[in-house]
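Notes to accompany the following structure.
The values are calculated or read from the model by the stated rules, or taken from the named source; none is laboratory data. Everything quoted here is computed from the prediction, not taken from an experiment. Using ideal geometry, Cβ is built from the backbone for each residue, glycine included, and neighbour counts are taken over all protein chains shown. For accessibility, only protein heavy atoms count, side chains too; no ligands or nucleic acids. Shrake-Rupley method; radii C 1.70, N 1.55, O 1.52, S 1.80 Å.
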Amino acid sequence: MSIIESIGAPLLAVAATLGGGWLVTTRVTDRWDQVKMQRERGLSAAQEFQRLYGEFVAIWKTWNALTSHHTPVTTPEHSGWSCLERATAAEGAIEALMAKLSAERLLSTGEIDLLGGVRQAFKVVRRTIERGEPLDWGSSRVAPYMALKTLSAAMSVLLSTPSRDRSRPTAAQAARAFGQITDNRHEISWIATARGVTAADR
């Protein structure tokens, strides 16, 4: 046996072990980085949603403080115009968040209904401002207000929970989900959707 043969076999074994270890470590690290990145995106979206919920409540309270005359907001000179602008901006940000979620997650029918319900709930304050009426949610037990709180809590949970399915939707799947989220059927069903969320936990 030559010296090359006696050293070559152990060197090949060491090289194979190191190469295999490198491949496994690289795959594990890559997978962990993907999970971490998905978690960070979810937490960022949850923080943005919670900021928008706070903005919704602030607009609502400001608008109600301004609406003693019940006049529709139709011109920039109206004292409620800034509330309308803020409500419209918050509604647009919610819509953008829905588009983002449609592109990042494979959404179930229940999640689509939840997102559609949240989208409709955020339209309430703008529509009320446009009519020049106060948002009459004087009690925490008023059905639309309870629905908003329920949907918002469920939305926060959805956003802060990593998706079980790690694959991303195709463009066609994302477009279909976004179309279902923005479907007008949620205009009449968003309060019922919130009731379904609370019923599911019983």
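Annotations
- For the peptides 76-87, 135-146, 103-114, 119-130, the ranking by mean Cβ contacts within 10 Å, running from highest to lowest, is 119-130, 103-114, 76-87, 135-146.
- Using a probe of 1.4 Å, the accessible surface attributed to residue 161 totals some 60 Å² when neighbouring protein chains are kept in position.
- With a cut-off of 15 Å on the backbone N, the residues of the stretch 52-66 near the modelled label site 7 Å out from residue 160 along Cα-Cβ are 52-54.
- FRET efficiency, residue 175 to residue 75 (Cβ-Cβ, R0 35 Å, nearest 0.05): 0.40
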